[in-house]
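Take a look at the structure set out below.
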Amino acid sequence: MNLQKGDRAIDGTLGLGGHTMDMIEAVGPKGHVYSFDQDLEHLEIAKQRIVEKFGKDGLKSVTLIHANFVDMAEKMKELKVAEVNGILFDLGLALPHLTRAERGFSFQQEGPLDMRMSRELSDLTAADIVNTYSEKDLADIIFEFGEERLSRKIAHMIVECRLKERITTTKQLEDLVFHAYPPQLRHGKSHPATKTFQALRIAVNHELDVLENVLPQAVSLLALRGRLVAISYHSLEDRIVKHFLRSQTKDCICPPEVMRCECRTKPVLEVLTKSPVLPTDEETRENPRSRSAKMRVAEKL
Ligand SMILES: C[S@@+](CC[C@H](N)C(=O)[O-])C[C@H]1O[C@@H](n2cnc3c(N)ncnc32)[C@H](O)[C@@H]1O
């Protein structure tokens, strides 16, 4: 992010505060960090970790914001901050989402089929989708957000099963998807339920919509030479980031006869990572969850 002392920065995805704490150090006591998370539990944990690391004074350097990052422009306006020098998105789930069975993200543990990143800001759960959406809508979600080739078969089995009983737990859904797979494909590299669980999680949290929405807001908030950094963990997210960054680097493509075009006449961003930055072997060894991370960085022109 190339943050300097006295800078202002936004962490769009506070999580447990790892990046925010690095950012607090980078901008120093004269700078400030604005950190968003939609999960209240994570804000509390991060706050505690910031106090443990910097003492209570550390909280003077950071504003913790309980909101979806899709509301970034509005929240920053309320805080009367027009520009920042860097914005980070470290997308997706944090560790407690996966390790706490009651959050319903993991098919390895028995839990309610919830999958909301924010239980405070959102009502729609994975169980609502699984038990009420039409077979076609379910198949579309599983295909589009999970890139699952067996989406139709899985959607059909969900609908058949829910006629007998409501599908309310992670294990119920895992078992159902497992049996939707032909026996010879059930024991591959990843578990048959992986893609269906990813699809439902994306649908519950509108993950792709909020990402598409926030990127232009982030560019507007960046000061000259400010940096936008996005770390994504699956190809659907990365594709959105890649296409957006590319769209901001293009010159105006209006034909010459359009004398006063409404579009940008100059590129807005310079992409600093021609291809995404991937974790090193050492990083993946230390933190296996980083293996799918892709980081892209751009600078405001
Ligand atoms: C991968 S974790 C971030 C980890 C963090 N960088 C750290 O160092 O601990 C992603 C976090 O972003 C939050 N999050 C994901 N999407 C969000 C959104 N649209 N709005 C606000 N927070 C979001 C999740 O709740 C989770 O806590």
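The values are calculated or read from the model by the stated rules, or taken from the named source; none is laboratory data. Here the structure is a predicted model, which means the values were calculated and not measured. Backbone-built Cβ (ideal geometry, glycine too); neighbour counts: all protein chains shown. Just so you know, the surface numbers come from the protein's heavy atoms only, side chains and all, with ligands and any DNA or RNA stripped out. Shrake-Rupley method; radii C 1.70, N 1.55, O 1.52, S 1.80 Å.
Taking all Cα pairs closer than 8 Å and separated by 6 or more residues, the relative contact order of region 1-133 comes to 24 percent.
Accessible area of L121 (1.4 Å probe, protein heavy atoms only, ligands and nucleic acids ignored): about 100 Å². Each other residue within a Cβ distance under 15 Å of Q184 adds +1 if Lys or Arg and -1 if Asp or Glu, for a net charge of +4. Candidate cross-link partners of K60 among the lysines, defined by an alpha-carbon separation under 23 Å and a same-chain spacing of 8 or more, comprise K5, K30, K47, K75, K77, K80. The apolar share of the surface of the chain, taken as the fraction of accessible area on carbon and sulfur atoms (1.4 Å probe, ligands and nucleic acids excluded), comes to 51 percent. Here the Kirkwood formula, the inverse mean of 1/r across different C-alpha pairs, assigns region 123-204 a hydrodynamic radius of 12.4 Å.
For R289, the accessible surface of its heavy atoms amounts to roughly 130 Å² (probe 1.4 Å, protein chains only, rounded to the nearest 10).
Roughly what angle does helix 207-221 make with the longest principal axis of the chain, taking Cα atoms, 0 to 90 degrees, to the nearest 10? For 207-221 against the chain, the angle is about 0 degrees.
Between N287 and E270, what length comes free when the chain is fully extended (0.36 nm per residue of separation minus the Cα-Cα distance, one decimal in nm)?
Here the segment from N287 to E270 would lengthen by 3.1 nm.
Short-range pairs are left out: with C-alpha atoms under 8 Å and at least six residues apart, the relative contact order of the chain is 16 percent. Only Lys, Arg, Asp and Glu carry charge here, each on its Cβ (+1 for the first two, -1 for the last two); on that basis region 129-236 has a dipole of about 300 debye about its Cα centre. Mean residue ellipticity, 222 nm, helices only, the chain: the sum of -39500 (n - 2.57) across DSSP H runs of n ≥ 4, divided by residue count and rounded to 500, is -12500 deg cm²/dmol. Axis of helix 135-146 versus longest Cα principal axis of the chain: the two differ by about 50°, to the nearest ten degrees. Over 22 Å apart at the Cα level, from the set K136/K164; K266/K294; K153/K195; K153/K242, are K266/K294; K153/K242. If R0 is 25 Å, the Cβ-Cβ spacing of K153 and S235 corresponds to a FRET efficiency of close to 0.65. Normalised per residue, the accessible area of region 123-204 is 53 Å², obtained with a 1.4 Å probe and no contribution from ligands, DNA or RNA. Note on L163/A73: beta-carbon distance plugged into 1/(1 + (r/R0)^6) with R0 of 41 Å gives a FRET efficiency of 0.35. When the square roots of the Cα gyration tensor eigenvalues are ordered a ≥ b ≥ c, the ratio a/c for region 1-55 is 1.5 or more and a/b does not exceed b/c, which makes its shape oblate.
The label-point distance for E102 and D22, in a model that sets each label 7 Å from Cα toward Cβ, rounds to 3.2 nm. Between amide H atoms placed 1.01 Å from N, distances below 5 Å from I65 occur with S35, F36, D37, all of them 5 or more places distant or on a separate chain. Quick one: go through region 83-111 and flag any residue whose amide nitrogen is under 19 Å from the point 7 Å out along the Cα-to-Cβ line of L124. Residues 92-93, 104-105 fall inside that zone.
Estimated from the Cβ-Cβ distance and a Förster radius of 25 angstrom, the FRET efficiency linking K171 and R49 is about 0.20. Compared with the dominant principal axis of the Cα atoms in the chain, helix 170-180 is inclined by about 70°. In the assembled protein chains, S122 presents an accessible area of approximately 30 Å² (probe radius 1.4 Å). Under the simplified labelling scheme, the H179-V81 pair shows an inter-label distance of 5.1 nm, with each label point 7 Å from Cα along Cα→Cβ.
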